[in-house]
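Read the structure below first, then the notes.
The values are calculated or read from the model by the stated rules, or taken from the named source; none is laboratory data. Keep in mind it's a predicted model, so treat the numbers as computed, not measured. Here the Cβ positions follow ideal geometry from the backbone for every residue, glycine too, while neighbour counts run over all protein chains shown.
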Amino acid sequence: MKDFLKLIFFGVTKSPKLRLFNPDTDEKIEMTTGFNWQILLLGSFFGLPLFSKRLWAWAWGLFFLSTVQAFFFYQQVKQILAATTVAEYEAAMRQADNPIDSAIGYLLMFCVVLLSVKGNQWAVERLLKKGWRFEDVSDPLVRDAVGKWKISKRYLTSPEVIDKL
């Protein structure tokens, strides 16, 4: 249970991680390679885990969808609580089935599942394009990730070789 809570709230897992570093700032980061439970379980809550992964466009998109869905929920609850008779309550419950709200909910669920599967890959690819490099290019986990994600082999050159070029 303790490991599960660490995973959910802090993103700490026991799985092996890819280590990346920024040669310009010497900043280091660790990324996992598999399914991301943190995004699956908390991603629909305003896209918060995506901000820590630096997937800004997806994070703001999920933030917007979650905000719109929260607004619809607020309107529905306000209408239901304002009902004073059984007839008003039944009318409010019938109006609660909003197709736009349902579509936003399904879109939000689809995005969260997609990002749970592909989010780590996209985050690593984005970091590599911004100049980050793998710390140990001979690590089998790095080689597996590059092969599985079809990342360019040029990212497998050691940082010393890149500096000399």
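Annotations for the structure displayed:
- Filtered residues of region 8-20 (kept if over 26 Å from residue 69 (Cα atoms) and either touching a helix residue (DSSP H, G or I) at 6+ places or on another chain (Cβ under 8 Å) or at pLDDT below 85 (or both)): 12, 13, 14, 15, 16, 17, 18, 20
- Scan of region 92-117 for residues that are farther than 30 Å from residue 148 by Cβ, without any contact (Cβ under 8 Å) to a residue 24 or more places away in the chain and loosely packed, with under 13 Cβ neighbours inside 10 Å, ordered by number: 94, 95, 97, 99, 102, 103
- Taken residue by residue, region 144-158 has at least one member that is at pLDDT 85 or above, among the charged types (D, E, K, R) and loosely packed, with under 12 Cβ neighbours inside 10 Å.
- Hits in region 10-33 (condition: surrounded by 14 or more Cβ atoms within 10 Å (Cβ to Cβ) and at negative phi): 13, 16, 17, 18, 19, 20, 21, 22, 29, 31, 32, 33
- Residues (of a type in the set (A, V, I, L, M, F, W, C) and free of Cβ contacts under 8 Å to residues at least 40 places away in the same chain) located in region 126-140: 137
- Lone qualifier among 50, 62 - being surrounded by 15 or more Cβ atoms within 10 Å (Cβ to Cβ), touching a Gly at 6+ places or on another chain (Cβ under 6 Å) and among the aliphatic types (A, V, I, L, M): 62
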